[in-house]
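Every read-out reported here was derived from the displayed coordinates using simple, explicitly stated rules and does not represent laboratory data. Computed from a predicted model, the values in this text were never measured in an experiment. Don't worry about glycine lacking a Cβ; one is built from the backbone with ideal geometry, like all the others, and counts go over all protein chains shown.
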Amino acid sequence: MIALTTVFLGVLSVVSSATFVTLNNDCGYQVDAAFYPTVEFNETQTGGFALTSAHPSATVLLADNYDGQIWGRTGCDAEGNCATGGCPGGESCTGPSNGGATIANFALNVSNGNDAYSVSDTNGFNIPVTIEPGPGCSSIIARCSHNNLLQVCDIQEYCPTTTAYTVTFC
């Protein structure tokens, strides 16, 4: 019984130290979510998958100390070749965006038990992206809604490490 309890508590501690991110596709067309490094989706590590009109939302798990990017790719074919936001590895990215994509950046547990997040158009802009922190965080919503030189998209915000996030495309 002690061994079973130890295993359960070990699994619970792994899940509790990770961060949940819900992805929403509000674009009205397919957006292929991309991740570098990989994230956990349906108990499998992945670098990307499609968010379609039939399945416009999904929740992924970022590992503790994740330091990476989430972005939307558009115009992708079955092999993962995309009009915007492409990456090495095809449908499941094995590297960062080749450029031209609006990027949601996450760096977990980076500053006094806080996560850092931002939306960036430094490498380009393809679709609007919003990061909304969940309950327990009073920081602002980070968004980059259009490619306009007057809009600042690269503002970094911080939330406690227990915060869940929602990333919305469009």
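Values as computed for the structure displayed
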read-out: Separation of alpha-carbon centers, the stretch 15-45 and the stretch 74-102, rounded to whole Å; value: 15 Å
read-out: Net charge contributed by nearby residues that have their C-beta within less than 12 Å of Cys159 (K/R +1, D/E -1); value: -3
read-out: Percentage relative contact order, the chain, counting C-alpha pairs under 8 Å, at least six apart; value: 21 percent
read-out: Simple spin-label estimate for Ala54 and Ser111 in nanometres, 7 Å along Cα-Cβ; value: 4.3 nm
read-out: Two-decimal ratio, the stretch 19-169, of alpha-carbon radius of gyration to 2.2 N^0.38 Å; value: 0.96
read-out: Net charge dipole size for the stretch 19-169 [Lys, Arg +1 and Asp, Glu -1 on Cβ; Debye, nearest 20]; value: 240 debye
